[in-house]
Amino acid sequence: MTTETAPPRMRIVRHPLKYRLLEVRRVTRVTPGTVRVTFGGPDLEGFCEQAPTDHVKLCFAEDGAALPVAPVVENDTWMDAPVEPITRDYTVRHYRRAEQELDIDMVLHGSGVGSSWAEAAEPGMRLGVLGPRGSEEIPFVHDWYLLAAEETAIPALGRWLEMLPAGVKVIAFAEVPGPEHEQVFETAADATVTWLHRGDAPAGSTDLLERAVRAAQLPPGLGFAWVAGEANALKPIRRHLRAERGLDRHQVDVDGYWKRGVANHDHHEGEHEHA
Ligand SMILES: Cc1cc2nc3c(=O)[nH]c(=O)nc-3n(C[C@H](O)[C@H](O)[C@H](O)COP(=O)(O)OP(=O)(O)OC[C@H]3O[C@@H](n4cnc5c(N)ncnc54)[C@H](O)[C@@H]3O)c2cc1C
């Protein structure tokens, strides 16, 4: 495909919205800063996932409560209710239908209900899972993909690499504190993953991803760029891709997964642009 062809558009595929109360089966360390929590149970029946960025809302219990408040869902819509669950967004790292298991990779960043829960997670604990509400489907017809992520988006980066077709050119950048935080992903794509080490600098405070994306040699042909991580750090990357690289809005998906100093940042709040 060449750049003269109109870029394909992202399509949202809606799924039946369901709340599930799941039990932790296993907890493993993926890296020193990320815990993989494997949830299981028959309630996973009918769970849908199909695109790299598929994510759920984990629902956490209030302090001192054994179980989370269940969200009120009617006709596939999450309704307002007098008491709402405490929720945070997390990527579906793996779903194994036959085993009725769901893996979520949770970053330990020191504070916050999600990070604290992950730090203490052990088999037998229960947690609510709402969604995925839908999948952002982008047809895999591009000549190349530029992927860039910091830790919270590395689960989605792994999914991109695992799902992209054989032979397609992928240039990927992943920001982590140091080499011990790197991961190995399986991919059929012709992918180069470059790990960027921020050392002791706080997450979301560096311009490592921006500098890497600016310096990237992009192949000819139609491309797609996906970038996710700390919202403010991504703004100059979005500008660069659109204004300086001249990519069409349907070729760029930049998603602020969290924002420094903000609890439960809403990634739909003006930050998540395909524009
Ligand atoms: C679509 C989507 C998919 C996501 N997938 C994942 C995933 O698979 N794994 C994952 O770990 N996260 C993921 N995130 C990010 C996660 O939702 C946020 O990091 C969330 O804020 C964590 O909740 P918390 O309760 O730990 O912290 P919060 O209570 O939300 O925040 C408390 C404080 O911690 C800060 N903070 C939040 N996250 C970080 C961080 N990573 N590093 C440093 N400081 C931080 C906040 O700025 C705030 O000051 C995803 C987000 C989105 C939108």
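Read-outs throughout are calculated quantities, based only on the coordinates presented, and are distinct from any laboratory measurement. Because the structure is a prediction, the values reported are computed rather than measured. No Cβ is skipped: glycine too gets one built from the backbone with ideal geometry, and neighbour counts run over all protein chains shown.
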Next on the checklist: Once you keep just the Cα pairs under 8 angstrom separated by 6 or more residues, what percentage relative contact order results for segment 140-258?
Outcome noted: 29
Checklist outcome for this item: By the Cα gyration tensor axes a ≥ b ≥ c (a/c under 1.5 gives rounded; else a/b larger than b/c gives prolate, otherwise oblate), the shape of segment 13-134 is oblate
Checklist outcome for this item: Assertion target for 89, 253, 207, ordered by fewest C-beta neighbours within 10 angstrom first, is 207, 89, 253
Checklist outcome for this item: Between residue 164 and residues 5 or more places away or on another chain, the pairs with built amide H atoms under 5 Å apart involve none
Checklist entry - What residue among 74, 137, 101 has the largest mean-square fluctuation in a Gaussian network model of the chain, using Cα springs under 10 Å? => result 74
Checklist entry - How big, on average over all directions, is the shadow cast by the Cα convex hull of the chain, in nm²? => result 14.5
Checklist entry - Using the beta-carbon distance between residue 11 and residue 115 and R0 = 25 Å, what value does 1/(1 + (r/R0)^6) give for FRET efficiency, to the nearest 0.05? => result 0.15
Checklist outcome for this item: Taking the dipole of the chain about the Cα centre (Lys, Arg +1; Asp, Glu -1; charges at Cβ), the one of 221, 204, 52 that reaches farthest to the positive side is 221
Item to check | For 239, 20, order by how many other beta-carbon atoms lie within 10 Å, fewest first | outcome: 239, 20
Next on the checklist: I need the phi-derived Karplus couplings for segment 95-112: 6.51 cos²θ - 1.76 cosθ + 1.60, θ = phi - 60°, integer Hz, Gly and Pro marked x.
Outcome noted: 10, 10, 4, 4, 8, 6, 10, 10, 9, 10, 9, 10, 6, 9, 10, x, 8, x
Item to check | Between 0 and 90°, nearest 10: helix 154-163 axis offset from the chain longest Cα axis | outcome: 70
Next on the checklist: Which one, 189, 149, 215, has the greatest fluctuation when you compute a Gaussian network model over the chain with C-alpha springs under 10 angstrom?
Outcome noted: 215
Checklist entry - With labels modelled as points extended 7 Å from the Cα through the Cβ direction, what inter-label distance (nm, one decimal) is found for residue 74 paired with residue 250? => result 3.7
Next on the checklist: Below 8 Å, C-alpha to C-alpha, sequence gap of six or more: please give me the relative contact order for segment 106-193 in percent.
Outcome noted: 25
Checklist entry - Relative contact order, percent, of the chain when contacts are C-alpha pairs under 8 Å separated by at least 6 residues? => result 19
Next on the checklist: Only Cα pairs within less than 10 Å get springs; with that Gaussian network setup on the chain, which residue of 87, 38, 206 has the largest fluctuation?
Outcome noted: 206
Next on the checklist: If each residue of separation counts as 0.36 nm, what is the full-extension length gain between residue 67 and residue 263 once their alpha-carbon separation is subtracted?
Outcome noted: 68.5 nm
Next on the checklist: Can you classify segment 140-258 as rounded, prolate or oblate using the Cα gyration tensor, where a ≥ b ≥ c are the square roots of its eigenvalues, rounded means a/c under 1.5, and otherwise it's prolate if a/b beats b/c and oblate if not?
Outcome noted: oblate
Next on the checklist: Based only on other Cβ atoms within 10 Å, what is the fewest-to-most ordering of 159, 29, 249?
Outcome noted: 29, 249, 159
